[in-house]
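Working notes, beginning with the structure itself.
What follows draws every value from the coordinates through simple rules; no lab data is involved. Being a predicted model, the structure only gives us computed values, none of them experimental. Virtual Cβ from ideal backbone geometry, glycine too; neighbours counted across all protein chains shown.
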Amino acid sequence: MGIINKMSEESFNTDVSDTQATTVAPVKPEEFDFAAYQEYEQRLLQRCRAFWQADFGVLVYRRMRVAEVFSYGCRDMKSSLEWQLGALQKSMAYPADVPNFLEPWYGIGTVAACFGQDYIWEDGQAPAMRPKFQSVTEALEYPAIPVAETAIGKRTLEMIDYFQNKCDGRLPLSLCDIQSPLNVAGYIVDMTGFFTDVYDKPDQVKVLLNRLADLLVEFNQEQLKRTGDLCVWPGHGFASCRAFDGLGLSDDNSLMLSGEHYQELAAPALARAGKPFGGAGYHCCGNWTGKIEIVKQIKDLRWVDAAFSAATDPEPCPTEPFGEAFSHTDITVNARIVCDANTVIDAVRRLWQPGLKLVAVTYCQSPEEQKAAYKQIHQICQTKEERL
């Protein structure tokens, strides 16, 4: 079957700031059709609930990621909201099973702020953060304060309140991008010192990661006081809605630890951070196939996220090992696949296994291309299950 709007390159595009982004037109709150989106969300939630309660199945999510929101634009909550409303409005034209949502994204140093750190802002860039300590011992000696008392934490809570007020509490909203304890450790302690301590002072590393997990949980609970039942799960980077549960956590630094060290030191902290929210969701950029068996053993793991095309990540994951590893596990695979519909369909065909819970995350350029991908994905997965 021919597919329209085929991308010219099926590889990672280094000429753009965000290969997963979609261009949208900002929409002011007073111009947004809240009733239409509420009706749209409720319709899709029926499919999401059925999927979440089932032992296997597939959903399609057309992610509307706005580059500016996850870059310099996060500094201006007014502009961030308008870009995101534009994304929600545009998303309704693309056939999908999971609705998009608002996100109070304000950089990725949220928990690091507890240790007296603040953002470094460069023109046109997302905020950055420089590690403050040279060793885990130094970090543990610092009198950390709750995230909600930091400038970054206060700003995030203000953004949630602003989004809620401007939208009259009518739209789905995620927690902020909190990151995993292991990732946060990299913003606090210089990585050379941190990895030295992994070998020399593993007990201290474990204490620090658990402390970061507790600070993370505390701030998420503070956010939940504001989001209430509008909160979507697992949140940032994942297909998320109010019918799901589990907390998505970016754990990219896991690639730099051996399987033994990750299982002993970092995985328990990830599970600790996710436990109050129904279990953890694991995200890692790049090819983390070698960590599959270790990741599967994370206590109460609910989700994994991976890239499955070269246009998504310069080193994507191979499909077959993931389909085989996560079928019949009740762990949902969030599969990000940037490229034309033919590439998406081919990746899903190779990824799908009987007993798998799969969310195919697409970035098709037009509603027509998305429609073709949507139809084919459901046909592939239904047909393979019927062969059992």
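Which FRET efficiency value, to the nearest 0.05, is calculated for residue 76 and residue 16 with the Förster distance at 25 angstrom and r the Cβ-Cβ distance?
Working: r = 22 Å, r/R0 = 0.87.
So, using R0 = 25 Å, E works out to roughly 0.70.
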In Hz, Karplus ³J(HN,Hα) per residue of region 266-275 (6.51, -1.76, 1.60; θ = phi - 60°; x = Gly, Pro)
8, 4, x, 5, 5, 5, 4, 5, x, 3
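To the nearest 20 debye, what is the magnitude of the charge dipole of the chain about its Cα centre, counting +1 on the Cβ of each Lys and Arg and -1 on the Cβ of each Asp and Glu?
Values: 37 positive and 52 negative charges, 188 e Å.
That gives the chain a dipole magnitude of about 900 debye.
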Amide H proximity to residue 59 below 5 Å, modelled H, separation 5+ or other chain, gives 358, 359, 360
Kirkwood Rh and Cα Rg combined as Rg over Rh, evaluated for the chain:
0.95
Given H placed on each backbone N at 1.01 Å, which residues far from residue 248 in sequence or on other chains put an amide H within less than 5 Å of it?
235, 281
Please give, to one decimal in nm, the separation of the simple spin-label points placed at residue 190 and residue 224, each 7 Å out from Cα toward the Cβ.
3.9
Return the aspartates and glutamates within reach of residue 154: Cα separation strictly under 17 angstrom, same-chain partners fewer than 8 residues apart disregarded; answer none if there are no such residues.
76, 103, 118, 177, 218, 222
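Would you please name the trypsin sites (Lys or Arg not before Pro) within region 98-205 that are DSSP coil residues with at most 15 other C-beta atoms within 10 Å of their C-beta?
Passing both the DSSP loop test and the Cβ count: 170.
Output the relative contact order of the chain, whole-number percent, from Cα pairs under 8 angstrom with separation of 6+ residues.
Numbers: 792 pairs, mean separation 76.4, N = 388.
Taking the mean separation of contacting Cα pairs over the length of the chain, I get 20 percent.
What pairs in 225/275; 291/375; 225/299; 206/299 have C-alpha atoms more than 21 Å from each other? Write out the running numbers ahead of the final one.
Details: 225/275 18 Å; 291/375 32 Å; 225/299 26 Å; 206/299 16 Å.
Flagged as over cut-off: 291/375; 225/299.
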Can you give me the Kirkwood hydrodynamic radius for region 180-287, using every pair of distinct Cα atoms, in Å to one decimal?
14.4
Taking a crude spin-label model, label points 7 Å out from Cα along the C-beta direction, the residue 368 to residue 199 distance in nm is 5.9
Along region 204-221, Karplus-curve 3J(HN,Hα) (6.51, -1.76, 1.60; θ = phi - 60°) to the nearest Hz, with x for Gly and Pro, reads 5, 4, 4, 4, 4, 5, 5, 5, 5, 4, 5, 5, 4, 4, 4, 6, 4, 5
Which one of 301, 344, 322 has its Cα pushed farthest toward the positive end of the charge dipole of region 294-359, where Lys and Arg give +1 and Asp and Glu give -1 at the Cβ?
301
Under 26 Å from the Cα of residue 371, which lysines turn up, not counting those fewer than eight places away in the same chain?
6, 90, 357, 384
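Ordered by packing density, taken as the mean number of other Cβ atoms within 10 Å over each peptide's residues, highest first, how do 139-149, 71-81, 57-67 rank?
Numbers: 139-149: 15.5, 71-81: 18.4, 57-67: 23.0.
Most protected by this proxy first, the peptides run 57-67, 71-81, 139-149.
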Considering the options 109, 285, 175, tell which one lies farthest towards the positive end of the dipole of the chain, charges being +1 on Lys and Arg and -1 on Asp and Glu at the Cβ, about the Cα centre.
175
Loop-resident trypsin sites (Lys or Arg not before Pro) in region 271-332 with no more than 13 other Cβ atoms inside 10 Å, DSSP not H/G/I/E/B, are 299
